[in-house]
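The values are calculated or read from the model by the stated rules, or taken from the named source; none is laboratory data. The structure presented is a predicted model; accordingly, all values stated were derived computationally and were not measured. Cβ atoms come from the backbone with ideal geometry, glycine included; neighbour counts cover every protein chain shown. Calculation scope for accessible area: heavy atoms of the full protein, side chains included, ligands and nucleic acids excluded. Shrake-Rupley method; radii C 1.70, N 1.55, O 1.52, S 1.80 Å.
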Amino acid sequence: MLYLTGTPIGNKDDLSPRAMEVLGNVDLIACEDTRRTGLLLSSFGIKNKLVSYHEHNKASKGAQLIEKMLQGADIALVSDAGMPCINDPGEDLVRECISNGIEVTVIPGPVAAITALCISGLPAATFHYEGFLPSEGGPRKKRIEKLRTIDETIILYEAPHRLCKLIKELDEAGFGGCRAAFCRELTKKFEQVIRLSIRDSVSYFEETPPKGEFVVVLEPLGEDNDPAAMTDDDIDAAILRLHEEGLSTKQIASKIAGLSGNGKKEMYARVINLIK
Ligand code: SAM
């Protein structure tokens with residue numbers, strides 16, 4: 001049997017009594033990082049056999065784990081933090097179990113996305129979980145374009161060294177006026193929630209470089225923060241920022257036209273006028 005087991009996202013005391021019992025009693029624990037899981041277990045006095053199961057060995061290791069479970073072994077799957085399967089390995093193993101007739105159960109624990117959504121203050125009734133955007137290029141642009149069409153609270157994961165890039169991209173994609181909650185180090189000593197518009201967060205994080213783990217909870221584009229509702233001042237500020245970033249007149253005009261809903265020709269003339 002497979003026990004999908006949630007572990008803390010920061011505060012070790014969030015490990016549930018049921019998770020402790022399972023982790024102490026299964027035949028084997030499959031985990032992303034045996035050292036990290038070993039430390040968590042030893043802090044609760046739990047001893048058990050650990051094997052690594054991660055993104056890069058999941059095909060070969062997965063087959064071995066399935067074989068063991070078919071022979072009757074009980075295996076717990078944990079990730080480094082939070083729930084397996086949520087931006088972490090696990091879903092392949094669950095599918096394999098299902099297709100091999102192996103029973104799967106779950107011992108739920110914290111998920112960074114849901115924890116952040118609850119504390120964000122943004123509407124939580126319906127939401128879009130995005131997780132990490134693709135790291136670069138076309139696929140990343142495509143997903144950001146897709147986010148413009150979402151009409152419910154959006155949840156993103158991002159590494160601290162890439163947070164400023166993400167915020168700038170969201171600003172350029174028209175999310176400048178949208179509210180956001182930057183949920184940092186949740187459940188840990190330095191837990192902090194920074195609630196700012198995307199536009200204001202650009203300067204905030206330039207002055208206060210992001211440190212620690214972040215979930216970004218983002219208000220969707222709506223009528224109130226529709227890019228078409230950009231004021232003349234917003235447009236001029238965006239032009240000057242893109243100019244400072246070294247974009248050509250043509251590139252700036254095309255971006256601003258997309259953001260504001262104005263024509264490219266009109267925006268080209270405006271850029272020339274402003275930066276000449
Ligand atoms: N499986 C995990 C879950 O259930 O939330 C997600 C793992 S994903 C690889 C790691 C990302 O989750 C981090 O880069 C960060 O965006 C987010 N995260 C994890 N723990 C966090 C915390 N304590 N505070 C804020 N964000 C966190």
Completion exercise
Scanning region 150-166 residue by residue, those more than 14 Å from the ligand (Cβ to nearest atom) and without any contact (Cβ under 8 Å) to a residue 60 or more places away in the chain turn out to be 164, 165
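Of all strands (runs of 3 or more DSSP E) completely enclosed by region 50-154, which ones contain at least 2 residues that are of a type in the set (Phe, Trp, Tyr) and open to solvent by 70 Å² or more (accessible area, probe 1.4 Å)? Let's see the steps before the verdict.
On the way: elements: 50-52, 75-78, 104-107, 127-131.
Counting at least 2 such residues, we get 127-131.
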Handout entry: Residues of region 19-49 satisfying the condition of being over 19 Å from residue 107 (Cα atoms), among the polar types (S, T, N, Q) and surrounded by 13 or more Cβ atoms within 10 Å (Cβ to Cβ)
Key = 34
Practice task
Scan region 96-113 and give yes if some residue there is charged (D, E, K, R) and free of Cβ contacts under 8 Å to residues at least 24 places away in the same chain, otherwise no.
Solution key: no
Practice task
Output the residue which, of all residues in region 56-109 that are away from the ligand (no atom under 16 Å from the Cβ) and charged (D, E, K, R), is nearest to the chain's Cα centre (by Cα).
Solution key: 95
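Just to be sure I understand, how many residues within region 179-202 are closer than 30 Å to residue 11 by Cβ and open to solvent by less than 60 Å² (accessible area, probe 1.4 Å)? Talk me through it step by step, then tell me what you get.
First pass over region 179-202, keeping only residues closer than 30 Å to residue 11 by Cβ: 179-198, 200-201.
Checking which are open to solvent by less than 60 Å² (accessible area, probe 1.4 Å) leaves us with 180-187, 193-194, 196-198, 201.
Qualifying residue count, region 179-202: 14.
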Problem - Which numbered condition residue 115 misses (of (1) of a type in the set (Ser, Thr, Tyr); (2) closer than 22 Å to residue 192 by Cβ; (3) more than 8 Å from the ligand (Cβ to nearest atom)) - result: (3)
Practice task
Six or more apart or on different chains, Cβ under 6 Å: which pairs go from a residue in region 172-195 that's not assigned by TED's automatic domain parsing to the domain that holds residue 261 to one that's modelled with pLDDT under 95 and part of a loop (DSSP other than H, G, I, E, B)? Could you list them?
Solution key: 177/225; 178/225
